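So that we are looking at the same thing, I have put the structure below in structure tokens.
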Amino acid sequence: MMNYENVSVAQVKQWVDSGEAELVDVREPAEFANHHIEGATLLPLGKIAANDLPANDKKVVIYCQKGARGNSACMKLTKENESITVYNLMGGIEAWSKEGHAVKKGQSSVLPLDRQVQLTIGLSVLAGSALAYFVNPAFIAIPAFFGAGLTFAGASGTCGLALLMAKMPWNQ
């Protein structure tokens, strides 16, 4: 049984305004420092556990940048403790901002984790392809490696590069 539900920005805003919801941000500390929804608690996806959730009778709404990590967090939490119910903010903080709702801005200028992963993969595939063409065909292993990683991430829902990037010092 699924104990989580994807909910719209409008629904979450209504819950927040009426004091019915507690917001939990599952992005990395640097992303949270860059901007977050006022009043949210930071519990990064890699470290979140059901015991860490707020202990009150409010609805627990999980959010991330675009919704995918929030969905993963909801699955992880409900698998860990089948008696809890959590909600995933569809579209994450990006959808929240697009609807015109306030976010608290900080001093950090770190790119969101998904964009860090995209840049790393894109530059690695480009460099590997150029090296394979201009230097030695054996360098084709670099783009092949990242292609295999993307295939695994798509099939499993787990991106090893994102997990690694989340541990980097600039994301702490």
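For a test of the definition: using alpha carbon positions, the gyration tensor, and the 1.5 limit on a/c, classify segment 63-134 as rounded, prolate or oblate.
oblate
Once ligands and nucleic acids are excluded and a 1.4 Å probe is used, how much of LEU45 is accessible, expressed in Å² to the nearest 10?
40 Å²
Leaving out same-chain residues fewer than 8 places away, which aspartates and glutamates sit with a Cα under 16 Å from that of LYS76?
Cross-link targets: GLU5, ASP25, ASP52.
Provide, as a two-decimal number, the C-alpha radius of gyration of the chain over 2.2 N^0.38 Å, N being how many residues it has.
Dividing the Cα radius of gyration by 2.2 N^0.38 Å gives 1.17.
What residues qualify as long-range amide H neighbours of VAL24, i.e. H under 5 Å apart, gap of 5 or more or another chain, H built at 1.01 Å from N?
THR41, VAL61, ILE62, TYR63
Could you grab the relative contact order for segment 1-134? Cα pairs under 8 Å, six or more apart, rounded to a whole percent.
31 percent
A further question on this structure: Carbon and sulfur: what percent of the chain's accessible surface (1.4 Å probe)?
That share works out to 60 percent.
Mark the label point 7 Å from the Cα of HIS35 along Cα→Cβ and return the residues of segment 105-130 whose backbone N is within less than 13 Å of it.
Of the residues in segment 105-130, 105-112 have backbone N under 13 Å from the label point off HIS35.
Return the FRET efficiency for the residue pair PHE134, THR158: r is the Cβ-Cβ distance, R0 is 30 Å, and the value is rounded to the nearest 0.05.
With R0 = 30 Å, the Cβ-Cβ based efficiency is 0.35.
With viscosity set to 1.567 mPa s and temperature to 4 °C, compute the Stokes-Einstein D of segment 1-81, Rh being the Kirkwood radius across alpha carbon pairs; µm²/s, no decimals.
Reported coefficient: 101 µm²/s.
Right, next: For GLU82 and GLU5 in the same chain, what is the full-extension length gain: residue separation times 0.36 nm, less their Cα-Cα distance, in nm?
26.4 nm
Antiparallel versus total DSSP beta bridges in the chain: what percent is that, nearest 5?
Around 10 percent of the beta bridges assigned by DSSP in the chain are antiparallel ones.
Hey, what number do you get for the chain at 222 nm if only DSSP H runs of n ≥ 4 count, each worth -39500 (n - 2.57), divided across all residues, to the nearest 500?
-14000 deg cm²/dmol
The values are calculated or read from the model by the stated rules, or taken from the named source; none is laboratory data. These figures come from a predicted structure and were not determined experimentally. FYI the Cβ positions are ideal-geometry reconstructions off the backbone, even for glycines, and counts take in every protein chain you see. Note: areas computed on protein heavy atoms with side chains; ligands, DNA, RNA excluded. Shrake-Rupley method; radii C 1.70, N 1.55, O 1.52, S 1.80 Å.
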